[in-house]
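Everything below concerns the one structure shown next.
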């Protein structure tokens with residue numbers, strides 16, 4: 001994946017490849033990884049349409065890091081009783097571990113064709129955390145893949161980022177461009193935003209396993225005012241109003257400057273369409 005350049009400008013993915021492949025390089029003597037998956041309330045889909053900004057559903061509520069760290073620390077207390085003196089490391093996005101692969105190996109779900117973790121009853125709206133430990137724990141049994149012949153996620157992706165089942169090219173992914181990429185957005189990316197300003201949920205929204213999913217951890221309940229925010233208001237936001245609207249949410253990770261870039265790009269696309277300039281976005285390279 002990295003060798004093929006599909007990580008885009010996320011240089012840290014290449015630098016940390018060896019550690020991701022072997023957690024013992026992260027924690028010497030590591031023998032097990034205990035995984036947790038916290039379900040966040042997906043709420044209602046943001047209706048696509050003129051003037052509406054769309055955020056990935058996990059970003060419409062409080063930042064998940066404090067909750068997951070709290071749950072992992074409670075888990076470590078249990079491990080301390082089982083394996084006194086074990087060394088451990090808590091991981092919530094911040095460490096180079098293959099979160100979805102480890103969660104799948106732990107039997108929490110399987111890796112869907114959209115590359116996310118899927119559970120047959122809870123769907124794929126999960127947030128993951130891990131405890132890497134030197135405690136010798138027994139392994140769980142992985143879950144079978146239940147995607148079958150379904151390819152709704154691949155067909156729904158407007159940019160072709162899902163190049164094949166279980167294969168994602170970040171260089172074509174709206175989530176990558178709006179969250180991970182620094183610097184200007186190329187026209188190929190900006191032309192596909194369709195209101196998305198932080199992440200994208202299209203591949204999850206069409207997944208049959210998410211059809212009946214409701215509810216989630218109460219600490220992650222979505223803020224109603226972020227379900228369908230007005231794009232023009234966000235584009236005109238000052239630093240103070242931006243902070244007031246997004247304080248305590250995952251959106252602050254991107255920062256005002258990067259989000260202003262996204263707001264402006266999404267607004268420009270809508271302006272062109274309103275003026276009759278709707279047309280195919282420039283193709284992605286390759």
Per its Cα gyration tensor (rounded if a/c is under 1.5, else prolate when a/b beats b/c, else oblate), the stretch 5-79 is best filed as oblate
Taking the Cα atoms only, what angle lies between the long axis of helix 65-82 and the longest principal axis of the chain, rounded to 10 degrees? 10 degrees
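So what's the stretch 34-126 giving for Cα Rg divided by 2.2 N^0.38 Å, two decimals?
On the way: Rg = 16.1 Å, N = 93, 2.2 N^0.38 = 12.3 Å.
So the stretch 34-126 has a normalised radius of gyration of 1.31.
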Mean separation of Cα contacts under 8 Å, 6 or more apart, over the residue count of the chain: relative contact order %: 28 percent
Percent relative contact order of the stretch 1-115, based on C-alpha pairs within less than 8 angstrom and at least six residues apart? 29 percent
Could you give the length gained by full extension between residue 232 and residue 151, i.e. 0.36 nm per residue of separation minus their alpha carbon distance, to one decimal place? 25.7 nm
Suppose R0 equals 45 Å; then what is the FRET efficiency for residue 243 and residue 166 from their Cβ-Cβ distance, rounded to the nearest 0.05? 0.70
Restricting to Cα pairs below 8 Å that are 6+ residues apart, what does the relative contact order work out to for the stretch 152-274? Please round to a whole percent. 30 percent
Cα-based equivalent ellipsoid of the chain: semi-axis lengths in Å, sorted from largest, via gyration tensor: 34, 21, 19
Which of rounded, prolate, oblate describes the stretch 152-274, given a ≥ b ≥ c as roots of the alpha-carbon gyration tensor eigenvalues and a/c under 1.5 marking rounded, otherwise prolate only if a/b is larger than b/c? oblate
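Arranged by the count of other C-beta atoms within 10 angstrom, fewest first, what order do 241, 124 take?
Working: 241 13, 124 23.
Fewest to most other Cβ atoms nearby, the residues stand as 241, 124.
Quick check on the exposure proxy: order 259, 143 from fewest to most C-beta atoms within 10 angstrom.
On the way: 259 23, 143 19.
Placing the least packed residue first, the sequence is 143, 259.
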For the chain, the longest principal axis of the Cα atoms and the Cα long axis of helix 255-274 enclose an angle in degrees, to the nearest 10, of 40 degrees
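Listing 242, 126, 198 from the residue with the fewest other Cβ atoms within 10 Å to the one with the most, what is the order? List each step's numbers first, then the result.
Details: 242 19, 126 22, 198 26.
So the residues, fewest neighbours to most, are 242, 126, 198.
Using only the Cα atoms of the stretch 89-193, build the gyration tensor, take square roots of its eigenvalues as a ≥ b ≥ c, and label the shape rounded, prolate or oblate: rounded if a/c is under 1.5, else prolate if a/b is larger than b/c, else oblate.
Numbers: a/c = 3.12, a/b = 1.47, b/c = 2.13.
The shape class here is oblate.
Values in this text are rule-based calculations from the coordinates and carry no lab data. All values reported here derive from a predicted model rather than from experimental measurement. Neighbour counts run over all protein chains shown; Cβ positions are idealised from the backbone, glycine included.
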